[in-house]
Every structure is written in C-alpha cells, then in structure tokens.
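First up is the structure itself, then whatever we jot down about it.
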Amino acid sequence: MQEFYVGALGLTAAGPLTFQVGTTTLGFRPVAHGDPFYHFAIRVPRNRFDAALAWMGERAELLTDEETGRTTFDFTFWNAEACYVHDPCGNIVELIAHHELPEEAPGVGPFDGQELLGVCELGAPGPDVPAMARALGSLGIKLWDGTIDEPGRLAFMGGRDGVLILAPLGRGWMPTGRPAETHPVEALVVGEQEGEVVLPGTQHRVRTTPA
C-alpha cells in the first residue's frame with residue numbers, strides 16, 4: 001500500500017498506512033483475518049480528467065465497463081466523468097471530475113498526484129439504509145442524490161463535493177459488480193454542527209466538526 005500510494009501516486013505519507021490526498025487524510029488499518037475492501041472516490045480538477053486518466057492508467061490497470069469495454073464512465077446526470085482501479089488490497093479507487101464544481105488546475109501536460117483535491121465519496125454499506133440516513137440526518141448530513149425509499153438503491157448523503165454512499169448489503173459496486181460488504185469506517189467531516197453517530201447495524205462511525 002505504501003509503495004502504491006506514495007511510490008506510484010506520489011502522495012505524502014501522513015503516518016503508518018496513512019496518506020494525504022489533497023485536503024483529505026486517508027488511513028487504513030491492517031486486519032488479522034478476512035479480506036475487507038472499500039469503495040472511495042478521489043476528486044480531480046474539472047479540467048484535468050483526461051490527464052488524470054492517462055496518469056492513473058500508467059500506474060494501475062483501469063477497470064472497464066463490462067457492457068462497453070470503455071475505461072471512462074460518463075455520469076451525465078451529475079455532469080461528471082470517472083475511472084476506476086484496484087489498489088493493492090482490492091479497494092475500488094475512483095477518480096472523478098465534477099464539472100459543476102469550480103476547481104481547475106493551471107497546468108497542462110502530465111498529471112501529478114499533488115493535484116488530487118481530496119476524497120469526495122466513501123461507501124458505507126449496511127443492513128438498513130433508511131435508518132443509517134436518519135442517523136446522518138441528525139448531524140445535518142442530508143440526502144443529496146439517490147433515494148432511501150426504494151429497496152436496493154443507493155443514497156448519497158452530503159453534497160457534490162463530499163458524500164457518504166449508503167449501500168444495501170450485497171449490492172454490486174461499479175464497475176466490477178463486487179457485492180458490498182460492511183467493514184468498519186471512521187469518517188471525520190466538516191459539517192454544520194459538532195456531533196457523532198454510529199450508523200445502525202454497522203461499525204461505521206461518523207463525526208462532524210464545524211468548518
């Protein structure tokens with residue numbers, strides 16, 4: 001993991017198995033048993049997606065859309081585009097450019113890992129999406145997209161620049177279709193108020209702090 005995130009991606013180490021990704025500190029903990037994996041997305045400047053795609057493709061195998069064979073995923077409903085890779089532990093790592101957000105990079109030419117803006121999506125699977133959404137609602141984290149009313153669907157809680165993705169257990173993650181599993185998540189995010197919840201039926205701990 002250290003070789004991938006620091007050596008290949010050029011991120012700064014912030015501690016053991018901890019890396020600075022733009023404004024986000026991303027940390028992992030080793031486990032004695034099992035094969036846990038996570039889905040998270042890292043945002044890139046809206047004018048640098050093509051360069052970021054080429055950069056990532058030189059460092060990891062880009063995952064393809066099973067239907068089209070393409071490595072670029074066009075999310076027209078968000079005015080965004082993305083690509084995916086696996087890290088050495090099997091985590092599904094997404095790069096996404098949201099064209100509705102203002103950040104742009106002045107450079108042209110090859111992409112650099114220091115241009116990454118931060119983690120903007122984190123999957124949080126669990127057995128009861130509506131209950132998890134209500135818990136986040138108590139912290140002021142509201143539904144941004146998706147739904148909590150239709151079984152099997154995703155609920156995107158937060159905003160375009162940062163969401164917790166509430167996923168039903170067993171639902172396939174893009175683009176591999178690997179069924180979502182619940183493994184512990186700890187997230188500290190800027191919010192409207194100071195607070196902390198453990199999402200029902202999970203070991204997902206979410207803490208908010210004012211900006």
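Working only within region 90-115, note down all residues that are open to solvent by 10 Å² or more (accessible area, probe 1.4 Å) and within 23 Å of residue 65 (Cβ to Cβ).
Within region 90-115, 90, 99, 100, 111 meet the criteria.
Can you find a residue that is open to solvent by less than 70 Å² (accessible area, probe 1.4 Å), in a loop (DSSP other than H, G, I, E, B) and among the hydrophobic types (A, V, I, L, M, F, W, C) anywhere in region 65-85? Give the steps one after another, and end with the answer.
First, the residues of region 65-85 that are open to solvent by less than 70 Å² (accessible area, probe 1.4 Å): 65, 69, 71-73, 75, 78-85.
Subsequent filtering for residues that are in a loop (DSSP other than H, G, I, E, B) retains 65, 69, 71-72, 79.
From the residues that got through so far, the ones that are among the hydrophobic types (A, V, I, L, M, F, W, C) too are none.
No: zero hits.
If I go through region 2-39 residue by residue, how many of them are at positive phi and in a loop (DSSP other than H, G, I, E, B)?
The qualifying residues number 4.
Across region 128-145, what is the number of residues that are more than 16 Å from the chain's Cα centre (by Cα) and over 16 Å from residue 197 (Cβ atoms)?
Final tally of qualifying residues: 0.
Within the bounds of region 40-49, is there any residue that is assigned to a loop (DSSP other than H, G, I, E, B) and touching a Pro at 6+ places or on another chain (Cβ under 6 Å)?
no
When you scan region 102-111, do you find a residue that is outside any loop (DSSP other than H, G, I, E, B) and in contact (Cβ under 8 Å) with a residue 40 or more places away in the chain, even just one?
No: zero hits.
Filter the strands (runs of 3 or more DSSP E) completely within region 116-211 down to those with at least 1 residues that are open to solvent by less than 20 Å² (accessible area, probe 1.4 Å) and closer than 20 Å to residue 94 by Cβ.
Qualifying strands (runs of 3 or more DSSP E): 118-126, 155-159, 162-168, 185-191, 204-210.
Which one of these does residue 46 not meet: (1) over 17 Å from the mean Cα position of the chain (by Cα); (2) closer than 19 Å to residue 112 by Cβ; (3) open to solvent by 30 Å² or more (accessible area, probe 1.4 Å)?
Failing condition for residue 46: (1).
Identify, from the list 109, 90, 146, 170, the residue that is on the phi > 0 side of the Ramachandran plot and in contact with a Lys or Arg (Cβ under 8 Å, 6 or more places away or on another chain).
146
One line per residue, one yes/no per condition, for (1) out of contact with any Asp or Glu (no Cβ under 9 Å at 6 or more places or on another chain); (2) among the charged types (D, E, K, R):
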{"residue": "128", "(1), (2)": "yes, yes"}
{"residue": "143", "(1), (2)": "yes, no"}
{"residue": "150", "(1), (2)": "yes, yes"}
{"residue": "206", "(1), (2)": "no, no"}
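I'm trying to understand the selection: among the residues of region 11-67, which are under 23 Å from residue 184 (Cα atoms), in contact (Cβ under 8 Å) with a residue 24 or more places away in the chain and of a type in the set (Phe, Trp, Tyr)?
28, 37, 38, 40, listed by residue number.
Any chance you could count how many residues in region 50-62 are touching a Cys at 6+ places or on another chain (Cβ under 9 Å) and assigned to a helix (DSSP H, G or I)?
Counting residues in region 50-62 that are touching a Cys at 6+ places or on another chain (Cβ under 9 Å) and assigned to a helix (DSSP H, G or I) gives 4.
The values are calculated or read from the model by the stated rules, or taken from the named source; none is laboratory data. A quick note: this is a predicted structure, and the numbers were derived from the prediction, not measured. Backbone-built Cβ (ideal geometry, glycine too); neighbour counts: all protein chains shown. Note: areas computed on protein heavy atoms with side chains; ligands, DNA, RNA excluded. Shrake-Rupley method; radii C 1.70, N 1.55, O 1.52, S 1.80 Å.
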